[in-house]
1. Find out how many positive minus negative residues lie around ALA221, taking Lys and Arg as positive, Asp and Glu as negative, among other residues whose Cβ is under 15 Å from that of ALA221.
2. Residue-wise, which Karplus ³J(HN,Hα) couplings in Hz belong to segment 135-143, taking 6.51 cos²θ - 1.76 cosθ + 1.60, θ = phi - 60°, and x for glycine or proline?
3. Pop out the ³J(HN,Hα) list for segment 234-248 in order, Karplus 6.51 cos²θ - 1.76 cosθ + 1.60 with θ = phi - 60°, rounded to Hz; leave Gly and Pro as x.
4. Not counting ligands, DNA or RNA, and with a 1.4 Å probe, what is CYS103's accessible surface area in Å² rounded to the nearest 10?
5. Amide H to amide H, which residues 5 or more places from MET134 or on other chains are under 5 Å from it, using H placed in the peptide plane?
6. Could you work out the Rg to Rh ratio of segment 38-158, with Rh taken as the Kirkwood radius (inverse of the mean 1/r over all Cα pairs)?
7. Amide H neighbours of ARG232 under 5 Å, at least 5 residues apart or on other chains, H built in the peptide plane: list them.
8. Expressed as a rounded percentage, what relative contact order does segment 69-158 have, with Cα pairs under 8 Å and six or more residues apart?
Amino acid sequence: MLSPERLSLPGPEYLAQRHVLTYMEDAVSQLLENREDISQYGIARFFTEYFNSVRQGTHILFREFSFVQATPHNRASFLRTFWRCFRTVGKNGDLLTAQEYHCLLQLLCPDFPMELTQKAARIVLMDDAVDCLMSFSDFLFAFQIQFYYSEFLESVAAIYQDLLAGKNPNTVIVPTSSSGQHRQRQPPNDCSPLDGVEASLFYQCLESLCDRSKYSCPPSALVKEMLSSAQRLTFYGFLMALAKDQGINRALGALPDKGDLFLDPTMDQELEKLIAQVSGLSVSSPTSSSGDTANLPVRNSPRINSPWKPLHHRRKMDAESEGSNEETDSSEN
């Protein structure tokens, strides 16, 4: 069923808003890159699996950073995948450094830039030493704001600097690069004798920015509500408030509320199935003459370079799993 928004917009404008051409170009690129493998089961099936992966949010797995950050949907999918893959870090109460969180990010996106990880860490640590330990929840919500709203935050930093210097930021600076190269943000001087800038004036500038920006911005009404009780604020104080605001988190829609951060029934069910499979293999494996259980086959994790491969790989494994314990064991990865 078509949404009312789809019917109210001209076709080209709707396609541009939903970044349909971005996905069509990527799908064709993947098709040409893997045409020999795809010819075995057909182009129609490839496009079906590709756009199913886009809908499910798995299309960003192991992709280059330029693609991961190319659209709001890609960014939200990456945030959701990072949470689901590594929520046990927070569930176990582990504290990690920015470098260690960056290593986790690179497991999903090998060329993920360290700069974005460091900026997220500065939100948590209020621009103090970025090698301090952070909880998973603190880092995750700060990273969400920094990653999803990165262009918006670059403009906010420039506005804050102008206000701090007593200038009137009439010209809104909006980043135009979408190549994934983020310029180094000079940390604003939060040691001002006035302790930041006037909140009402700061909000007026942000409201104007949101009206003009072509990039994703947090809902201005929620930002206004968030700043309504403050008279003055610092730059990193504003970023921390954004990260902690559950209304903005819900509006973005990638992560659950903080109270539900370590709950994921769907993933838990999948893990239970995998554990049951491993337990079944351990019980049914033949034993050696000494009575020891035979070693399970060594797991080999194939490197996945395009979004259609994991779908095709999984279906192949499902088809072969009944006749081969080794294939079943390999499909766990």
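1. Taking every Cβ under 15 Å from that of ALA221, the sum is -2.
2. Calculated HN-Hα couplings, in order: 6, 4, 5, 4, 5, 4, 6, 5, 5 Hz.
3. Using θ = phi - 60°, the values come out as 9, 4, 6, x, 5, 5, 5, 5, 4, 5, 8, 6, 6, x, 5 Hz.
4. Per-residue accessible area (CYS103): approximately 60 Å².
5. LEU96, THR97
6. 1.05
7. The answer is ALA199.
8. Here the relative contact order equals 32 percent.
The values are calculated or read from the model by the stated rules, or taken from the named source; none is laboratory data. None of these values were measured; they are calculated from a predicted model. Positions of Cβ are generated from backbone atoms using ideal geometry, with glycine treated the same way; all protein chains shown enter the neighbour counts. Accessible surface areas use protein heavy atoms only, side chains included; no ligands, DNA or RNA. Shrake-Rupley method; radii C 1.70, N 1.55, O 1.52, S 1.80 Å.
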